[in-house]
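The numbers here are math on the coordinates, done by the rules we state, and not lab data. As the structure is a prediction and not an experimental result, all values here were calculated from the model. Positions of Cβ are generated from backbone atoms using ideal geometry, with glycine treated the same way; all protein chains shown enter the neighbour counts.
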Amino acid sequence: MTIDIVTIFPRMVEAGLAEGVVGRACAAGRIDVVVHNLRDFTTDKHHVVDDVPFGGGPGMVMKPKPFFAALAAIRARRGTPDAVVLLSPAGERFTQAHARRFVEKAHLVLLCGRYEGIDERVREALATDEVSIGDYVLSGGEIPALAVVDAVARLVPGVIGDEQSVEADSFTRGLLDYPHYTRPAEFEGRRVPDVLLSGHHEEIRRWRRDTALKRTADRRPELLHDAALDADERALLRAWDVPGVHAERQNKGSK
Ligand code: ADE
């Protein structure tokens with residue numbers, strides 16, 4: 001898949017793309033990420049990308065024209081993108097479901113805003129989606145764009161070596177992950193749970209399922225509403241007196 005990212009801080013985004021899973025995915029050609037400097041799409045001498053807000057008030061607003069010009073250049077080069085995602089604290093909360101939807105797109109464009117905001121016409125005319133990575137305000141959309149690229153790249157076939165580890169990931173089933181341990185079996189007086197040393201695969205599977213479920217019930221009970229739970233898991237939640245888990249739902253698959 002191809003991802004175009006439009007930003008006024010291309011080096012910041014490029015640095016984030018260079019390492020780890022995303023860096024390897026780019027190097028292997030599994031994803032093609034192109035970073036565009038928004039200032040390259042200005043026509044004035046000082047490459048100005050912001051202006052004062054109509055109606056007054058503090059701060060600056062990002063001008064529409066450079067974004068429209070950037071999108072026109074991307075379209076001219078690679079055709080109309082399948083989705084144009086604006087990163088903004090006012091967007092829908094980005095979830096694993098968005099990542100699964102975005103990875104189906106062959107060509108994604110991410111627009112990073114800065115300053116107090118972005119001219120509303122960018123949102124109206126260019127963006128197909130607007131997402132926020134959480135209820136806090138960052139200085140711009142660059143870190144959120146990197147978060148989106150990372151979450152999406154992990155889902156591209158072949159990017160994560162062991163496909164099972166994507167399957168077991170937190171949120172792949174809508175649950176938090178189970179606890180992980182490696183050697184040594186005892187460290188600073190803390191022992192790894194015996195079941196993990198037992199070699200009983202079925203017991204290990206059950207322990208992992210139960211601890212993932214318990215963690216989710218304790219920390220993020222709201223996730224249980226949409227999780228793909230089987231009858232055993234529902235019975236466990238009832239045994240633990242987790243409220244709101246009553247009727248059997250249709251199995252939603254790996255949601
Ligand atoms: N830009 C500033 N804050 C943001 C957030 N939380 N998510 C996405 N984009 C942002």
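When we measure straight from the Cα of Lys65, which aspartates and glutamates land under 16 angstrom away, once same-chain ones fewer than 8 places off are left out?
By straight Cα distance, Lys65 reaches Asp40, Asp44, Asp50, Asp51, Asp119, Glu120, Glu124.
Tell me which residues come under 5 Å, amide H to amide H, from Ile118 once H is placed; ignore anything under 5 positions away on its chain.
Here Met62 satisfy the definition.
Given H placed on each backbone N at 1.01 Å, which residues far from Glu130 in sequence or on other chains put an amide H within less than 5 Å of it?
Leu86, Glu92
Search the structure for amide H atoms under 5 Å from the amide H of Val35, placed 1.01 Å from N in the peptide plane, and list their residues when 5 or more places away or on another chain.
Amide H to amide H, under 5 Å and 5 or more residues apart or across chains, Val35 pairs with Ile5.
Per 0.36 nm of contour for each residue apart, how much would the distance between Ala106 and His225 grow if the chain were fully extended, relative to their Cα-Cα spacing?
Extending this stretch completely gives an extra 39.7 nm.
Tell me, what HN-Hα J-couplings in whole Hz come from the Karplus equation 6.51 cos²θ - 1.76 cosθ + 1.60 at θ = phi - 60° for each residue of region 183-193, using x for Gly and Pro?
Whole-Hz 3J(HN,Hα) from phi for region 183-193: 5, x, 5, 10, 9, 6, x, 9, 9, 5, x.
Taking θ = phi - 60°, what integer Hz values does the Karplus form 6.51 cos²θ - 1.76 cosθ + 1.60 yield along region 5-10, in sequence order, with x for Gly and Pro?
Working through the residues one at a time gives 10, 10, 8, 8, 10, x Hz.
Over what distance in Å are the Cα centres of region 38-94 and region 17-36 separated?
Distance between centres, Cα-based: 23 Å.
On alpha-carbon atoms, Rg over Rh for region 1-141 using Kirkwood Rh?
A ratio of 0.96.
Within a Cβ distance under 13 Å of Asp218, other residues only, what is the Lys/Arg minus Asp/Glu net charge?
Here the charged neighbours net out to +1.
Per-residue counts of other Cβ atoms within 10 Å, averaged by peptide: what ranking do you get for 80-93, 22-35, 197-210, 142-155, highest first?
Ranked by mean Cβ neighbours within 10 Å, highest first: 142-155, 80-93, 22-35, 197-210.
About the Cα centre of region 75-206, how large is the charge dipole given +1 on each Lys and Arg Cβ and -1 on each Asp and Glu Cβ? Please answer in debye to the nearest 20.
Around 340 debye, computed over region 75-206.
Run the quick spin-label model on Thr128 and Asp82: label points 7 Å from Cα toward the beta carbon, then report their separation in nm to one decimal.
0.8 nm
Could you tell me the calculated FRET efficiency between Val195 and Asp32, based on Cβ-Cβ distance and R0 = 51 angstrom, to the nearest 0.05?
In this case the efficiency is close to 0.70.
How compact and how long is the chain, expressed as Rg and Dmax of its alpha-carbon atoms in Å?
22.3, 70
With n ≥ 4 as the cut-off for DSSP H runs, can you work out [θ] at 222 nm for the chain, using -39500 (n - 2.57) per run divided by the number of residues, rounded to the nearest 500?
The per-residue figure over the chain is -10500 deg cm²/dmol.
I need the Debye-formula profile for region 166-234: one equal scatterer per C-alpha, no solvent, reported as log10 I(q)/I(0) at q = 0.14, 0.25, 0.26 1/Å, two decimals.
One equal scatterer on each Cα of region 166-234 leads to -0.48, -1.13, -1.18.
Give me log10 I(q)/I(0) at q = 0.22, 0.24 Å⁻¹ for region 1-83, Debye formula, one equal scatterer per alpha-carbon, no solvent.
Log-scaled intensity ratios, in q order: -1.07, -1.15.
Provide the gained length on full extension for the span Arg238 to His180, in nm with one decimal, where the gain is 0.36 nm per separating residue minus the Cα-Cα distance.
Result for the pair: 18.3 nm of gain on full extension.
Using the Karplus curve 6.51 cos²θ - 1.76 cosθ + 1.60 with θ = phi - 60°, work out ³J(HN,Hα) for each residue of region 51-68 in order, rounded to whole Hz, and write x for Gly and Pro.
Listing the rounded values in order: 7, 6, x, 4, x, x, x, x, x, 10, 10, 6, 5, x, 4, x, 5, 4 Hz.
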